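Enquirer: Quick one: structure below, then a few questions.
The values are calculated or read from the model by the stated rules, or taken from the named source; none is laboratory data. This one's a predicted model, so the numbers in the text were calculated from it and none came from an experiment. Counting neighbours? That spans all protein chains shown, and the Cβs are built from the backbone with ideal geometry, glycine included. The protein model used for the area step is the full one, side chains on, heavy atoms only, and it has no ligands, DNA or RNA in it. Shrake-Rupley method; radii C 1.70, N 1.55, O 1.52, S 1.80 Å.
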Amino acid sequence: FRSNYSPANAVAVLVGDVKADEVFAIAERYFAAIPSQPMPRPVVTRDAPHSGERRVEVEYPANPSAFITWATPAIGHADLPALDVAANILSGGRTSRFYKNLREKKLGTASTNVDYARYPSSFFCQITPYGNHTVQELEDSLYAEIDRLKTEKVTEWELQKVRNQIDAQLTRSLESNQGLAFRLASSEGVTGNWHDFVDRNEAIKKVTADDVMR
């Protein structure tokens, strides 16, 4: 507890109609007596090298579904914004490719996301078939959509839609003091740069069709 829960290893954010000098005085009064500690030893975790596809099947009394993941680099890598755009084009809203080509055709649902993490993480898809359709059917359809990203450039309309969505999500997340505090604290805690959530938003808006295809 002394190693990991000390002022040296903490981020505090205060948001609202406050005066900085008063905040620092209050912080000094209540927290100055807590002794600092050396930073804890870094923990570095890495997956074993991937030599091919790995599958695990679990039988359970529930509706069938599947998770499909690909390894991705750590936060700060130049490829992450393009992966984020690809994920939004595939499943971001009612005009996304998965919604049009899977859900509206009554095959099932599919969602995608890309993790922004301090360590290498994943791009993942979750698929859930409807009715008598199978996981394999949905998996084949999902791979077909991903193959399209490799061979056909996404449209400028799709790119602009993602930019609009990203801007709207950012605006909504900052509507409350709590939302802004969360953004600031998570950016500083994960990347060491409180401005990262704004920089990331701008990087996504610069992604091109060639970036997505690459």
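Enquirer: Any idea how many residues of region 178-203 are among the hydrophobic types (A, V, I, L, M, F, W, C) and closer than 12 Å to Arg118 by Cβ?
Expert: The initial filter retains those residues of region 178-203 that are among the hydrophobic types (A, V, I, L, M, F, W, C), namely 180-182, 184-185, 190, 194, 197-198, 203.
After this cut, where a residue has to be closer than 12 Å to Arg118 by Cβ as well, the list is 190.
Summing the residues that are among the hydrophobic types (A, V, I, L, M, F, W, C) and closer than 12 Å to Arg118 by Cβ in region 178-203 gives 1.
Enquirer: Considering only residues that are under 26 Å from Ser3 (Cβ atoms) and open to solvent by 80 Å² or more (accessible area, probe 1.4 Å), which ones fall in region 25-35?
Expert: As a first pass, look at region 25-35 and keep what is under 26 Å from Ser3 (Cβ atoms): 27-35.
Matches in region 25-35: Glu28, Arg29, Tyr30, Phe31, Ala33, Ile34, Pro35.
Enquirer: Continuing with the same structure: Quickly run through region 58-91 and pick out the residues that are of a type outside the set (Asp, Glu), part of a loop (DSSP other than H, G, I, E, B), open to solvent by 30 Å² or more (accessible area, probe 1.4 Å) and closer than 27 Å to Asp199 by Cα.
Expert: Passing the criteria: Pro73, Ile75, Gly76, His77, Ala78.
Enquirer: Any residue that is touching a residue at least 40 places away in the same chain (Cβ under 8 Å) and over 23 Å from Trp194 (Cα atoms) - is there at least one of those in region 39-46?
Expert: Let us first name the residues in region 39-46 that are touching a residue at least 40 places away in the same chain (Cβ under 8 Å), namely 44-46.
In the following step, the residues that additionally are over 23 Å from Trp194 (Cα atoms) were identified as 45-46.
So far as region 39-46 goes, yes, one or more of its residues are touching a residue at least 40 places away in the same chain (Cβ under 8 Å) and over 23 Å from Trp194 (Cα atoms).
Enquirer: Any idea which of Arg94, Arg41, Arg55, Arg46 is charged (D, E, K, R), within 20 Å of the chain's Cα centre (by Cα), over 23 Å from Glu152 (Cα atoms) and open to solvent by 90 Å² or more (accessible area, probe 1.4 Å)?
Expert: Answer to the check: Arg46.
Enquirer: Take the residues of region 142-185 that are open to solvent by 60 Å² or more (accessible area, probe 1.4 Å) and among the β-branched types (Val, Ile, Thr): which is modelled with the lowest pLDDT?
Expert: Thr171
Enquirer: Scan region 146-181 residue by residue and report those that are under 15 Å from Lys206 (Cβ atoms) and part of a loop (DSSP other than H, G, I, E, B).
Expert: Val154
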